[in-house]
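The values are calculated or read from the model by the stated rules, or taken from the named source; none is laboratory data. Please read all numbers here as calculations on a predicted model, not as lab measurements. We place every Cβ from the backbone using ideal geometry, glycine too, and count neighbours over all the protein chains shown. These area figures cover heavy atoms from the full protein model, side chains too; ligands, DNA and RNA do not enter into them. Shrake-Rupley method; radii C 1.70, N 1.55, O 1.52, S 1.80 Å.
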Amino acid sequence: MDNLHWYRLDPLDVLFFRDSRPFQPGEGSWAKSLFPPLPITVFQALRSLCPPYQERRQDLEFMGPFLIDDKNQVWVASPKDLVCVGSKSNEKADMNDPADLSTVKGFARLQPAPTTDPAWQYICHPLPGKLRPIVEPALAENEQLQGRPAPLMRLDALVLYLQGNFCELKPQEHFHSLPWSSQVLPHIKMQIESRNVEEEAGYFTEVANRLRPGWGLVAGMSVANLKGVVRLGGEGHHAQVQPLNENPLKALTAFQGTGQETLAYVLTPGLAQAVEGMPLYSLYPHDWQDLMGVVGDRPLVAGGISTVTRRSGHTQVSYSVQRAYVPAGTLYYFEQPPTPRPQQLLSGVAAKARTTFEKLHYGQLLWGTA
């Protein structure tokens, strides 16, 4: 990250990054947005500010995007294994519900079930491997789980989490709700010289995202002095690019581990091949050894089938590679420090595309204390 120049992207309109579901304009068609976008989307936007043919795409390095607030503080996905702890009461909260931050007294981490517990000896993960079920942590008699923290965590608080300093996490200061809202955008195509809507491909709807005032995206790129307006998130949607004087991820660069960490946190979306030689993806790679637990969320599916219109006016179906990405915030538990220790989650990436994925820092892993 030391050789990257950092930029803030402030949207000038709503942002729309269509998800992977097949879409064809027509009555009742809905196109939903995948937000925040995958790295390649923001990379191409920043690359549009570079002088033509200045550098080959394979030579450029990129990291991001992340969310940034009006104080230039970076926010990342809260670890999926983190749960809130409060005083015991007659009302038991659901572990998967958002917690009331005013009642939170501290935090704990979900844990792989112990092998010595007979209650779990016949429960196993459906995919091959030695994965254990993920269970609630053991609490004191006067404590109980209050639910999940807010979905975003401040970057400096993530360092505390990786160091195992849960007592220093502050519920209302270090966590934040999603800083955007959905905006429904209906589109109508009229017949020429008529007030009627076209029968085919005449009506469809986009569900875009609007960031709250003061919020934007931040990303790093190995090109200096980029500045201007770029198209981002659909036709007619733009963002203002401004360079940052300081590295907003400096809290990570100052974080130094011991090399004996057995916990891996996914910072940016990555790929995990479920079956060797097959284009099937899951939350963890099939070839990782000593992996005993994983906590994650539903995958981010990108690519698929779309209908495109060529310059000749001919309409045809276009195919693109569809991949299920491991979302940011996913956690991996290892029985012992893996050797060698992976720095990126890129299992199943073809050799031709691997350099691009590495340069764009897909599946960046951060290691911490379990």
note = When every protein chain stays in place and a 1.4 Å probe is rolled, Cys167, Cys50 sorted by accessible area with the largest first are Cys167, Cys50
message = As a test of understanding, state the convex hull volume per residue of segment 221-267 from its alpha carbons, in Å³.
response = 122
request  = Would you rank Glu91, Glu358 by solvent-accessible area, highest first, keeping every protein chain in place and using a 1.4 Å probe?
outcome  = Glu91, Glu358
ask   = In the full protein assembly as shown, how much of Tyr332 is accessible to a 1.4 Å probe, in Å² to the nearest 10?
value = 0
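Return the FRET efficiency for the residue pair Glu141, Ser312: r is the Cβ-Cβ distance, R0 is 56 Å, and the value is rounded to the nearest 0.05. Can you show the working numbers first?
Details: r = 74 Å, r/R0 = 1.32.
Given R0 = 56 Å and the Cβ-Cβ separation, E is 0.15.
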ask   = Which entries in the list Lys80/Lys130; Lys92/Lys170; Lys32/Lys170 go over 26 Å, if you measure between the two C-alpha atoms of each?
value = Lys32/Lys170
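Ranked from the most accessible area to the least, with a 1.4 Å probe and all protein chains present, what is the order of Trp367, Trp120? Could you put the intermediate results ahead of the total?
Details: Trp367 15, Trp120 90 Å².
My answer, sorted largest first, is Trp120, Trp367.
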message = If I model a spin label at Met95 and Asp156 as a point 7 Å from the Cα along the Cα→Cβ vector, what separation in nanometres do I get?
response = 3.2
message = Report the rotationally averaged projected area of segment 321-364 based on its alpha-carbon convex hull, in square nanometres.
response = 3.9
